[in-house]
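The values are calculated or read from the model by the stated rules, or taken from the named source; none is laboratory data. Treat the numbers as computed from the prediction; the structure is a model and nothing was measured. Neighbour counts run over all protein chains shown; Cβ positions are idealised from the backbone, glycine included. Surface areas here come from the heavy atoms of the whole protein model, side chains and all, with no ligands, DNA or RNA. Shrake-Rupley method; radii C 1.70, N 1.55, O 1.52, S 1.80 Å.
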Amino acid sequence: MLRDRRSQLCRGLDFQKAGIQAISRAIGATAPGNVLELGSGNGFNLLALSAMHPEIKEWQGVEFTKSGIAASEKLKREPPFDALIYMTELPREEITRRLNGARIEYR
């Protein structure tokens, strides 16, 4: 027997925002000195989280592909401000200031 299941649609960016907010809450609750992301992909998560947590100065992403590392470095040089503004709910100037104060490395 099938149950009445209702689908809920959301944009990929909204789904990603919910995940980043959950990670942000965990970071706030544990107050780590640094953050390491395994499988960091294009590096967007670390950019958003570093803007959300300026108290953390060291961020490292480990990506297993050369193309992922190249994409991460490009995103770090040319941040996607529209997506970061939506994700962090911070103005562009504040995101820029916070990213400049963080050490973000990809390996």
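Numbers below:
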{"read-out": "Residues located in segment 50-67, provided they are at pLDDT 95 or above and either among the aromatic types (Phe, Trp, Tyr) or open to solvent by less than 10 Å² (accessible area, probe 1.4 Å) (or both)", "value": "SER50, ALA51, ILE56, TRP59, GLY61"}
{"read-out": "Selection status of GLY19, outside any loop (DSSP other than H, G, I, E, B), over 14 Å from ARG103 (Cα atoms) and more than 12 Å from the chain's Cα centre (by Cα)", "value": "no"}
{"read-out": "Test: GLN16 is surrounded by 11 or more Cβ atoms within 10 Å (Cβ to Cβ) and at pLDDT below 95", "value": "yes"}
{"read-out": "Whichever residue in segment 22-46 is of a type in the set (Val, Ile, Thr) and in a helix (DSSP H, G or I) and, among such residues, is most open to solvent (accessible area, probe 1.4 Å)", "value": "THR30"}
{"read-out": "Scope segment 77-95; condition outside any loop (DSSP other than H, G, I, E, B), surrounded by fewer than 18 Cβ atoms within 10 Å (Cβ to Cβ) and in contact (Cβ under 8 Å) with a residue 12 or more places away in the chain; matching residues", "value": "PHE81, ALA83, TYR86, GLU94"}
{"read-out": "Of all residues making up segment 39-94, the number that are among the aromatic types (Phe, Trp, Tyr) and closer than 20 Å to PHE15 by Cα", "value": "3"}
